[in-house]
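Taken together, the values in this text are just the output of simple stated rules run on the coordinates, not laboratory data. Not measured: the values here are computed from a predicted model. Note: ideal-geometry Cβ built from the backbone for every residue, glycine included; neighbour counts use all protein chains shown.
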Amino acid sequence: MKLVILGPAGSGKGQNTARIARKYNLKHVVVGDIVKKEIREKTDVGKIMYDYTSVGKFVPTNLVMQVLNKQLKKLDGYDGYIIDTAPINMEQFEKMNIEELDAAISLEVADYDILRERVLNRLRCPSCFAVTSVLDAPEGHCLDCGAELEHRYDDNLPTLNFRLKQYENETVPVIKSFKALGKLIKVDASGDKDEVFKQICNKINRFFSNKAKKEV
């Protein structure tokens with residue numbers, strides 16, 4: 001099972017990707033975390049990446065593909081992988097091996113006010129990469145490993161608004177391309193997190209069941 005997950009900021013990509021990976025024994029490949037590691041360690045590549053991410057811009061495709069391909073080669077013990085978040089523009093789409101991918105999960109939230117509330121309240125664990133919120137973890141400690149949670153440096157309203165516009169202009173065409181290939185799993189991600197995850201699993205199971213029938 002080889003999946004990617006896409007959606008606007010605040011749609012629940014990080015949280016749902018982790019849960020999907022655990023349920024289906026997939027390697028959880030987080031492009032954003034790989035990028036953040038490069039930035040945190042102030043590598044030469046990380047310094048270039050920071051110039052883009054600090055203002056909400058996408059990291060150049062050649063750099064993303066470089067770090068992503070390294071991760072996809074290490075699948076020992078896993079039944080596949082799920083990538084969060086790539087391809088996020090048509091340039092990445094055209095440079096990835098799309099034929100190898102089974103499906104793209106698109107988390108969709110029509111009301112952007114929901115996204116703004118989620119992002120401004122979002123907290124992230126720097127240790128285990130769990131994503132939660134001020135409401136779910138008011139004490140400021142990770143519910144999974146106990147580490148001190150932190151706000152992402154780019155979780156602010158100006159950057160969010162920029163990212164939402166960028167999603168519409170650059171990522172929506174990618175989603176349409178997956179749909180044209182018959183590889184899109186569309187999910188309404190505006191509701192409660194457990195309901196959204198249940199919907200995702202039901203649609204994944206249905207997608208692969210239908211795929212198996214077609215291959216017989």
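Take every Cα pair under 8 Å whose residues are at least 6 apart in sequence, average their separation, divide by the length of the chain, and the relative contact order is 28 percent. The GluC sites (Glu not before Pro) found in the range 83-115 include none that occupy coil by DSSP while having at most 11 further C-beta atoms within 10 Å.
In this label model, TYR153 and VAL134 are separated by 2.1 nm, measuring between points 7 Å along each Cα→Cβ vector. Mean residue ellipticity at 222 nm, helices only, the chain: -14000 deg cm²/dmol; runs of at least 4 DSSP H residues each add -39,500 (n - 2.57), and the sum is divided by the number of residues. One chain, two ends: GLU168 and ASN205. Fully extended at 0.36 nm per residue, the span grows by 10.5 nm beyond their Cα-Cα distance.
Secondary structure note: in the range 2-215, about 25% of the DSSP beta bridges are antiparallel. Once the chain from ALA212 to ASP51 is taken as fully extended at 0.36 nm per residue, the excess over their C-alpha distance is 53.5 nm. A simple spin-label model places pseudo-atoms 7 Å from Cα toward Cβ; at LYS23 and GLU100 they are separated by 2.5 nm.
Treating r as the C-beta distance of ARG40 and LEU181 and R0 as 41 Å, the FRET efficiency rounds to 0.70.
Between LEU143 and SER127, the simple label model (points 7 Å from Cα in the Cβ direction) yields a spacing of 1.7 nm. Per-residue Karplus couplings for the range 110-116, computed as 6.51 cos²θ - 1.76 cosθ + 1.60 with θ equal to phi - 60°, are listed in order as 6, 8, 5, 5, 5, 5, 5 Hz, Gly and Pro entered as x. In a shell of Cβ-Cβ distance under 10 Å around HIS151, excluding HIS151 itself, what net charge do Lys and Arg (+1) and Asp and Glu (-1) give? Computed value for this residue: 0. Relative to the Cα centre, the charge distribution of the range 2-215, modelled as +1 at Lys and Arg Cβ and -1 at Asp and Glu Cβ, gives a dipole magnitude of about 640 debye. When only alpha carbons are used to place a centre, the range 127-201 and the range 1-39 end up 9 Å from one another. Annotation: amide H-H contacts under 5 Å for SER133 (H modelled 1.01 Å from N, sequence separation of 5 or more, or interchain): LEU123.
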